[in-house]
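The values are calculated or read from the model by the stated rules, or taken from the named source; none is laboratory data. Not measured: the values here are computed from a predicted model. Glycine also receives a Cβ, built like all others from the backbone with ideal geometry; neighbour counts cover every protein chain displayed.
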Amino acid sequence: MDVFSFLAVFLLVKRLQKSLKFSPARGKWAPLFTMASWIIVGVYILAVIFLHEGLLKIFGGGILLGAIIFSEKEPDFHPLLSFIKAHYPLAAATVLAGLVQVVAIGFFDKYDNYFDFAILGSFIWIFARWATTRKQLQEFDLIQQQNLVLDKLVAERTAELTQQKNELQQTLELLQTTQQQLIQSEKLASLGELTAGIAHEIQNPLNFVNNFSEVSIEMIDEMEQELAKGDTAEAIAIAADIKENLGKIIHHGKRADGIVKGMLQHSRASTGVKEPTNINTLADEYLRLAYHGLRAKDKSFNAEMITHFGDKLPMIKIIPQDIGRVLLNLFTNAFYAVQEKQKEGDAAYRPTIEVITSASKDFIKVQVKDNGLGIRDEIKQKIMQPFFTTKPTGQGTGLGLSLSYDIVVKGHGGKIDLHSKEGEGSEFIVKLPLI
C-alpha cells in the first residue's frame with residue numbers, strides 16, 4: 001500500500017499534462033511535468049531503500065498533499081479542480097496510516113486491514129472522480145482546440161488587416177502627394193491666367209515712373225539754368241517740384257514692387273502662417289488682376305466692377321496667399337459667367353461684378369455677386385466637389401472651388417455660402433472668423 005500515494009502523484013502529473021494538450025500554457029508546463037515525472041520515480045526508489053514503511057507512507061502522503069495544494073493554486077489547472085480535490089482522501093489516509101504505524105505499531109498491526117482498505121478505497125475514489133469528469137475534460141479539450149483555431153484565424157486576420165492598413169497608408173500618402181501636386185498645378189494655372197493682368201497692372205506704375213523721371217530731368221536742367229542766372233528763389237521752387245515728383249516715383253515704384261511680391265507669394269507654397277491683413281486691399285488687388293487677365297485674352301470684353309468696401313474694417317489674421325487664391329478664383333469665375341452670358345447676344349445686357357466687404361462682431365464677410373448665367377439647382381450641391389466643373393473640357397480643372405472650400409472652411413474655420421438663380425446670376429459669400 002506504500003506505492004499508492006507515489007502512484008497517485010505520478011498519475012496526477014500525467015493527467016495535468018494531458019489536460020494542457022491544446023492550451024497555450026503547454027509550452028510553459030511541458031518541461032516541468034517531464035522533470036517531475038522522473039523525480040517522483042527516483043524519490044520513490046530512494047524512499048523504499050532508505051525509509052521505514054511507516055515513514056514511507058508519511059513521506060508519500062506529504063508529497064501528494066503538496067502536489068494537490070500546488071495544483072489548486074495554479075489558474076491553468078482550474079478546469080480539473082474537482083479531480084485534483086479527489087486526491088485529498090488518499091493523502092489523508094496515507095499520512096494517518098503512516099503516523100499510526102510509527103507511533104502505535106501494535107494498534108496498526110491489529111487494524112492494518114482497515115488502513116489498507118481506506119488507502120485502496122481512496123485510490124479507487126480518484127479513478128471514480130476521473131471517470132465522471134472525463135466527459136467534462138473532453139469538452140474542455142474541444143473548447144481549447146476551438147480556441148487554438150480561433151486564435152490562429154484571428155492572427156491571420158490581424159496580419160491581413162495590418163497588410164491592408166499598410167497598403168491603405170501607402171495609398172493615402174500617394175493621394176496626399178498627388179493632391180499637393182494638383183494644388184500646385186492649379187496655382188500655376190491661375191498664375192498663368194493672371195499674367196496679362198499683372199503685366200497691365202505693372203505697366204501703369206512703370207509709366208508713371210518713366211514720365212515723372214523724364215519731367216524731373218527737364219526740371220533739373222531748368223534749375224541749373226536758374227542757378228547760373230543767380231535766381232535762387234526760382235531754383236528752390238523747381239527743387240520743390242522735383243522733390244514732389246520723386247515722391248510720386250517712390251509711390252508708384254512701391255506699387256509695382258507690391259504687385260510683383262504678390263505674384264511671387266501667389267506662386268509659392270503656403271507658409272501656413274497667419275498674419276494681420278487688410279481684406280479690402282487684398283480684394284481690390286485681386287479683382288483688378290482677374291479683370292485685366294480676362295481682358296488680355298478678349299479685348300472686346302468689358303464689365304462694370306462695383307465695390308462696396310466696408311469702412312474701418314479690422315485687420316484679420318489670415319494666410320494672405322491662400323485667401324488671395326480664394327478671392328481670385330471667385331472673381332475669375334464671376335467674370336467667366338458674365339462673359340458667357342454676354343456671348344448670348346443680348347444688346348441690353350451689361351456685365352456687372354459687385355464686391356462687398358463688411359464686418360460683424362465675430363467675422364468679416366466678403367460677397368462676390370455677378371449677373372451672369374447662374375447655377376442650376378441640380379448641380380449646386382456638387383459645385384464644391386473636387387474635379388467638378390461647369391466649364392467646357394480644357395477650360396477648367398474643377399479644383400478651384402474645391403480648394404477654396406478647403407482653404408476657407410478647413411484652413412481658417414470659416415464658411416462659404418452660395419446663392420444662385422439660373423439665368424440671373426450668383427453670389428458667393430465668404431465668412432472669415434475674427435480671431
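Brief remarks on what is shown
- Residue list for the range 404-434, filter: of a type in the set (D, E, K, R) and not in a loop (DSSP other than H, G, I, E, B): Asp406, Lys410, Lys415, Asp417, Lys421, Glu427, Lys431
- Of residues in the range 335-354 being outside any helix (DSSP H, G or I) and among the aliphatic types (A, V, I, L, M), the one nearest to Ile429 (Cα to Cα): Ile353
- Matching option when the condition is closer than 21 Å to Tyr405 by Cα, β-branched (Val, Ile, Thr) and not in a strand (DSSP E or B), among Thr332, Thr357: Thr332
- Taking the criterion of being farther than 10 Å from His252 by Cβ and either surrounded by 12 or more Cβ atoms within 10 Å (Cβ to Cβ) or touching a Pro at 6+ places or on another chain (Cβ under 8 Å) (or both), the residues of the range 204-216 that qualify are Ser213, Val215, Ser216.
- Residues being under 23 Å from Ser23 (Cα atoms) and either of a type in the set (Asp, Glu) or modelled with pLDDT under 80 (or both) are entirely absent from the range 101-112.
- Taking first residues from the range 38-51 that are at negative phi and partners that are of a type in the set (Val, Ile, Thr) and surrounded by 12 or more Cβ atoms within 10 Å (Cβ to Cβ), the Cβ contacts under 6 Å between residues at least 6 apart in sequence or on separate chains come to Ile40/Val9.
- Filter result for the condition that a residue is touching a Ser or Thr at 6+ places or on another chain (Cβ under 7 Å), in the same structural domain as Gly27 (by TED's automatic domain parsing), free of Cβ contacts under 8 Å to residues at least 60 places away in the same chain and of a type in the set (A, V, I, L, M, F, W, C), over Leu142, Leu99, Leu64, Leu81: Leu64
- When the residues of the range 1-34 are filtered to those that are assigned to a helix (DSSP H, G or I) and among the aromatic types (Phe, Trp, Tyr), the one that is farthest from His87 (Cα to Cα) is Trp29.
- Filter result (more than 30 Å from Asn113 (Cα to Cα) and among the hydroxyl-bearing types (Ser, Thr, Tyr)) within the range 1-36: Ser19, Ser23, Thr34
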